[in-house]
Structure formats: structure tokens, C-alpha cells
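The values are calculated or read from the model by the stated rules, or taken from the named source; none is laboratory data. Keep in mind that this is a model prediction, so the values were computed, not measured. Every residue, glycine as well, gets a Cβ built from its backbone with ideal geometry; the counts of neighbours run over all protein chains shown.
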Amino acid sequence: MSTTAPDNRLVAETSEGAQEMVDRALESATERLRELGAVLRLSEAEAAELGEQDPGDDQTMIMNMGPQHPSTHGVLRLMLELEGETVLRTKPIIGYLHTGMEKTGEDLTYLQGPTNVTRMDYASPLFSELAFSLTTEKLLGIEVPPRAVWIRMLMSELNRLSSHLLFMATNGMDLGAVSMMIYGWREREETLRILEKITGLRMNHNYIRPGGVAADLPDGWRDDVLRLLDLIPPRLDEYDTLMTGQPIWRERLQGVGVITTEECLALGTTGPILRSTGYAWDLRRDLPYLAYDEVDFDVVVGTYGDCFDRYAIRLNEIRESIRIIHQILDKMPLGDYRIQDKKVTPPPRARIDESMEALIHHFKIFTEGFKVPEGEAYVAVESPRGELGCYIVSDGTSKPYRMHIRGPSFVNLQTLPHMMRGGLLADAVAIISSVDPIMGEVDR
Amino acid sequence: MDPLFNDGVDLAIVLIVVFKVVLTFAFLMVAVMFMVWFERKLISDMQNRIGPNRAGPWGLLQTLADGIKLFFKEDSKPDQADLTVFKLAPYLSLVPAFLTFAIVPVAGNFMDGGDGTIELFGHTTYAQLADPPIGILLALAMSSVAVYGVMLAGWSSGSKYPLLGSVRASAQMVSYEAALGLSVATIVLLAGSLSTHTIVSEQTNYQWNLWAAGFVPFVLFLIAATAELNRPPFDLVEAEQELVGGFHTEYSSIRFALFFLAEFMNTVTMSAIIVTLFFGGPAGPILVGPEWLWPPIWFFTKLGVFLFVFVWFRATLPRFRYDQLMDLGWKLLIPLALGWLLLIGAFRIARDQDWNLALVLAIAVVVLLVAASLLNGAIAAARRRREETETEAFS
């Protein structure tokens, strides 16, 4: 009994307001508009019209979907207001996977940073590592050797493959094509096998680090990658047979979850969702990083901004990635895989036995870490889900003062209320699937 | 009438009937066990997996193991549930699944004027549990009763996901029953009898209803049956990705197992009904050996083909959406079934009255085309109107 008072105080101090969706009558007008999916700034007339659509509470049912639900991709929780099976309002509730990784990043050195950020987007971990490393390098003002750059590109594209294949799997599964789930995973596994051979781990690689990559490519990597590149395209054609031309599949996806370019831009949405509206925005081409300006590839765009476009874009981005990887194989330079800067790169193991200086550097780098000049930097990369940015404020010590990741999943999640309005419950599942959120990245 | 009862009923006859009941029951239980294993194994093959392979040879006893596990699990009952109905519902699903199989002839020689009887302990009888005069209507009636099982299960769970599942179930099963019934009516028209035994014996010597009725009723029946069974791509009632488990979300332990049993039993039964109605039941050539041996072999071969088809559907097709399902049922299957029924009827009359068949065909096609275009027009108009209201509501 006596514990109620402190509990309430705790709630009042930490709560960011009610998370649950409540009846229309109790909802503030702004919140209701948000849940209705009002994306753009509305004129007063439009707002009034939106506000007037009140079917009455006795006709609607508020349903809780998640955090434990088979198709909310982890622990996303959605509160839906349903009229029959039609979705009227949606409220995504996040935070169930919050592990404080951004805050943890402030207690880890820059060298430890990738270990931390790689766990955010667990379907495409190398991109978080890449964004973090690029930002750190920008603060340090160093340039990594060409081979490191190309290895990073190779890894990014392989990872994009595995991530999009995972999307194929989950998208199929969410629409009831259960075999697709296994097929997608099967091909993803082949990709992960290569990633494992190169980095040592299937996920959470901690491979791309400030100053280069953790290790050079192993013997026989080229053959493995070539084998993968031969393997995947026929499988993609199988996907086409199984799903793309399938009438039920098209019926389920076409015209579902439509969003326009303006709405995407207003919400800050990037990646396949933005491209599905016909807006060709791809950081690899528009703000080239690494050596993407030296490879030839197409930015795949859609027309209608519906779920089918998003599916087709991802399918074709796999093909584009394969094209890029072929070029990377041709152009992969020789040389160092990490920068030869004693202050940033740990010395090779053999040198430690011979050189006192190397031992000191090794000790300093792994205990204290290297110091990064004061300043702040933001670098964004095109992750499979959209613009993945890393913002670091450095106070001149060996740990970031503040580290923030702009997770595309988090931003893209905002489109849900808008896209779901007026659809059926089954459409809601298709839409969540086509947004392809990774909750680790949403909650960070 | 079953010739078993021709000379009145004595103790031996009763015992034979009891024997047949036990045999049918045992067969169904084993069939379900096999079906679950078959489905899991086959779908594993289609998905590059191995599937059950631990319990028994090739994992054959996996179903038994699962059944025992489910039996000993905690039987949880939701607080909000209407307990009486909650407990009743699984049986409402299960019993019809059992009963339907009673009318399926599984053996007996129907070829070359064979009357489809077998000898059982010195008595001549049909190789089916019962041959009631209402015959195939029993199957339709039982599948209607099975709707109650699903509907009440969802409703009584006192939870929102099952409720949605049961709403879907009642709407889906009721509307597909219409298409199912209409395509059955075509067959009844051809056979001139409701009795399944007569329907099978009318198809003797490869006069299968599959071609006798002109394929369309078969296709309609197959689609409607899939929907009636709640199997993919029509498994909206369960729709794991949308409704978690649909109507059986709140069920656990043996009650869940009963639903599971009923579902797979329905699959077996419905395949058997398809074989009976369209593929001449147990009819097939007697190759070598005794005469009584081959009909069951043919029957189970044909049955196996449809079980395979149902698993194949599940492995390849994405799920329909609720409104698309309704559209398919009401706007395509039912009008088509109705039109085909009229067409078959017209042909029967034309044959009986010696009318000019070509003329009848021409008139029928014209009438059906006009009807189809009228229907299309109506559907298009309705859609336009709906889209207008929707744009108003959601702009």
C-alpha cells in the first residue's frame, strides 16, 4: 500500500505520457490527427473534416497488436482502432527493445564503438558499423586505404543482399506464402556463410572499424563470392515465379499502403519506401560515399508507392547489388586493409614481441583508446532500409561525448498510421512487412 | 439401400455395422495421423527441409508424440471465456468431421456393371458405413455444423483475435457453402440421385463426373472445398500472421488437439468426397489378383492425389484477403456454379425432349454471356460507387 506514492512519482517523472490508444472522446485533437495518419500540415477545413469522422465508440474496437505477435517483426506494438476489420486509427508504440545502446556508446571507446552499434540493426549490422566508422574517421580527419574502402563496399553490398533476402522471406511469410520464408532464409544463409568466412561471425560482425576493417579478406574469398553471385540470380527468378506473377500476391500488395512522395518527404522517410513513390533518392548515387561513384548501378524506383512497388524494388535491388559486387570483384585493389597510423591502428601481433613502442601503442589503444579531436560530425550511408546516419560529438577524449544513430527503421515507422488508414487488418500486416522495420534499430 | 438390410436386421447385421463403425473410426484416426505426417513431410520437401524424422521410422509416429504431448499439457481456460460453449466447440468441429466420412464408398467393384458391393462375413454389403437416402446432403449438412464449432470457439474465447477469426469463419464458410452446394447440385442432377453409392455407380467405366459435368463444377468444388476446410490460401480463419491463431488462439492442450484433428480429418474427408463425386470413387481397372483388392487401392491413390494437392496449395499460395475472398466467392464462384447448373439442366431436358443440341447450346451460351455481362456491369457499378464514398471518407 505504502509503495503506491513513490511509484506514481516515478511514473510521473519518467513517463512520456500515455502510450495506449484511448477512445476518441478522450483523445486530444492533435494526437487523434496523428493517429489518423495526418502527415502534412493540414488546412483548418481539412483538419475539421478529419476530426468529424467519428463513427462512435460503440461501433469500433481498439485492438492491441503486439509486442508479442507473429508479424510485428519483433516487438513492435500497434494499437489499432478497428471498425469491423477496417483500420481507422493506428498508434505504433515502441520501446520494448530499448537497450540504451546510444547511451552505452558514450562509455565505449571509438574502437569499441562498432561492437556496440552493430547490434542495432541486426539484419544489416555492417551498415551501422560503417556509419560509425565513417563518422569517426571524419572527426579524425583520416583517409582509409583504397583496399579498405573496396572491402567495405563489398561487405555493404553482401549485407544488403542478406538483408533484402530476409525481407523477401518475411514479406512472403506475412502474406501467408510460408515456403517463401524458407527460400529467403536459404539464400540469406548462403550470403551469411560468406560474411562468416570473412568476418568470423554470421551477425554482429564488428568487422568495419575506424581506420579500415578488422582483417584482410581470407584466401579463396573471390571464389566464394563468385559462387554466391552465380547462385542467387536463378533463385531470384524462382521468386518471380512464385510471387511476382502470382495473382493472389499481386492482389494482396498492389494498391495497398499507398504513400506519395510529398508525404514521404514530410515524414523523413527514406529508402525503398521513398523510392517506391518514384523519387530516386539513393545516397550511394546522390551523396556518394566510399567509392560508389566508381561503380555503375541503377537506382530502382517505383511508380505507385504501394506495397508491391516496395517488394519489387527490394527484389531488383538485390540484382543491382549483384551487379555492383561483380564490379567490386574486378576493381578490388591490393594494399593495406587498414590505415597505417600508429595512433589509430593497433600494431600487428608479431611486432609487439619485438618493439617496445608497438607494445605501448597496443596497450594504449586497447585500454584508453585513441583520442579524437573535438568536434561533431554526421555521416549517412544508404542502408537497406534507408538513410542510416551516425552523429558523433567528440569532446577530445577517447570516448564520444554523444553518439546518435539516425535509424531509418525508426523514421520509416512513422508512415504506418498514414498507410494503414482505411485498409483491412490483413493490409496492416502487409504494410508493416513492407516497411521492414528492425526493432533493434528503432529502439536502440 | 444397402443390401445388408434386405433380409431384415438380426444380431449378425448389427455386429457387422458395429464392425464397420469401428473400422471407419480407426481408419480415420490413422488417416489423420498419416495426413499430418504426410503434410509435414511433404511441405518440408517442398521447402528444402527434412521435416519430422525422430519419432518412429521416417518420423511416422510424430503425430502420436505430438498428440501425447498436447494431451498432457495444461488446459488453460481464459477468464473471459463462456466456459460451456468454450468446451463444447471443439466437439462441434470434430463430430461432423467424423460423420461425413460415413457416406464415402471406399471399396467395392464398380467397373463393368459391378454393383459395388463387398462380402463381409458372408453378407453382401456396401463398402461404406451408411448409404442414407439424403446421401451427399449429409456432407453439406455436416460442413454447416462444423461452422458452429469454429464460430462458437472464437466467440466464446472472450478475446478479440478469436472473435475476428470467428466472424471471418462464419462469413467465409457460409458463403463458400453456397458454391459448394451448387456444384454438388450439378452432380446430383447428372446422377439423378443423392445417394453417394448411386453417384459412384453412375460414373462406372470412366464416365467420371469430372468430364461428364464439364470440369467447371470440379474446379468450383475444389476451390470451395479448400475454403470450406480453411486451408491455405483460404486460411483466413486462422491466419497466423494476422490473427495469431484465429479462432483457436485461446485453446490449448487436448482441446486444441481436437481442432487440429478435426481440421486434418476434414481434409481427408473432403478429398474423399471429391473422389466420390468427380473421380468415380473406388472405380478402376482390376489388374491382377483378387477383385476386392483393387478398388480400395484406386480409392486411396485418388485420395492421395488430392491430399497432395491440398498440401501443395499450402506450400505455394499466399493468403487471400478477406474482401478478395468474399469477392471470389460471391462474384465468381456462385454465379458460375449457378450458370453451370442451369446449363447442365438445359442439356438434360434437351436430351430427354430430343431438342436440337446445337441450338440449345447456342441459346445457353448467349443467355449465360448476357447474364455474365450484366453481373459484371453490376459489380463495376457497385465498385465505382464504393470507391466514390471511400475517397470522400478517406481523402
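With respect to B:PRO296, determine if the residue is more than 14 Å from chain A (Cβ to nearest Cβ), surrounded by fewer than 18 Cβ atoms within 10 Å (Cβ to Cβ) and under 28 Å from B:ILE118 (Cα atoms). Answer is yes for this residue. Output yes when any residue across region B:339-361 is touching a strand residue (DSSP E or B) at 6+ places or on another chain (Cβ under 8 Å), touching a residue at least 24 places away in the same chain (Cβ under 8 Å) and closer than 21 Å to B:PHE221 by Cα, and no when none is. For region B:339-361, residues touching a strand residue (DSSP E or B) at 6+ places or on another chain (Cβ under 8 Å), touching a residue at least 24 places away in the same chain (Cβ under 8 Å) and closer than 21 Å to B:PHE221 by Cα: absent. In region A:169-193, of all residues being within 11 Å of chain B (Cβ to nearest Cβ) and β-branched (Val, Ile, Thr), the one that is farthest from B:VAL244 (Cα to Cα) corresponds to A:ILE182. Confirm whether B:LEU307 is crowded, with 18+ Cβ neighbours inside 10 Å, at pLDDT 85 or above, within 25 Å of B:VAL184 (Cα to Cα) and away from every other protein chain (no Cβ under 14 Å). So B:LEU307 passes the test.
Just one of (1) over 30 Å from A:GLU238 (Cβ atoms); (2) of a type in the set (Phe, Trp, Tyr); (3) in a helix (DSSP H, G or I) fails for B:TRP355. It is (3). The number of residues in region A:101-117 being touching a residue at least 60 places away in the same chain (Cβ under 8 Å) and surrounded by fewer than 23 Cβ atoms within 10 Å (Cβ to Cβ) comes to 9. Each residue in region A:239-262 was checked for being crowded, with 19+ Cβ neighbours inside 10 Å, more than 10 Å from chain B (Cβ to nearest Cβ) and in a helix (DSSP H, G or I), and 1 of them qualify. Flag set for B:THR24, criterion: assigned to a helix (DSSP H, G or I), of a type in the set (S, T, N, Q) and closer than 30 Å to B:PHE121 by Cβ.
Evaluation of B:ASP327 against the conditions (1) of a type in the set (Asp, Glu); (2) in a helix (DSSP H, G or I); (3) touching a residue at least 40 places away in the same chain (Cβ under 8 Å) shows that the sole unmet condition is (3). For region B:314-356, the set of residues classified as within 14 Å of another protein chain (Cβ to nearest Cβ) and over 22 Å from the mean Cα position of the chain (by Cα) consists of B:ASP323 only.
Entry remark, region A:66-95: residues being within 14 Å of chain B (Cβ to nearest Cβ) and among the β-branched types (Val, Ile, Thr) number 4 in total.
Out of all the residues in region B:378-391, is one or more surrounded by 12 or more Cβ atoms within 10 Å (Cβ to Cβ) and more than 14 Å from chain A (Cβ to nearest Cβ)? Yes, because at least one residue in region B:378-391 is surrounded by 12 or more Cβ atoms within 10 Å (Cβ to Cβ) and more than 14 Å from chain A (Cβ to nearest Cβ).
Listed here are the helices (runs of 4 or more DSSP H) enclosed by region B:136-251 that have at least 3 residues being more than 14 Å from every other protein chain (Cβ to nearest Cβ) and of a type in the set (Gly, Ala, Ser): B:136-156, B:160-191. Checking every residue in region B:54-72 against the condition of being within 14 Å of chain A (Cβ to nearest Cβ), outside any helix (DSSP H, G or I) and without any contact (Cβ under 8 Å) to a residue 24 or more places away in the chain gives zero matches.
Criterion applied to B:VAL268, B:VAL244, B:VAL216 was being closer than 28 Å to A:HIS69 by Cα, among the hydrophobic types (A, V, I, L, M, F, W, C) and touching a helix residue (DSSP H, G or I) at 6+ places or on another chain (Cβ under 6 Å), and the one residue passing it is B:VAL244.
Within region B:147-164, being over 11 Å from B:PHE247 (Cβ atoms) and modelled with pLDDT of 85 or more holds for one residue alone: B:TYR148. Looking at (1) closer than 21 Å to B:ALA81 by Cα; (2) among the polar types (S, T, N, Q); (3) at pLDDT below 80, find the lone condition where B:THR249 falls short. Single failed check for B:THR249: (3). Among the residues making up region A:294-333, those that are under 26 Å from A:VAL144 (Cα atoms) and touching a Lys or Arg at 6+ places or on another chain (Cβ under 8 Å) are A:GLU294, A:VAL295, A:ASP296, A:PHE297, A:SER321, A:LEU329, A:MET332, A:PRO333.
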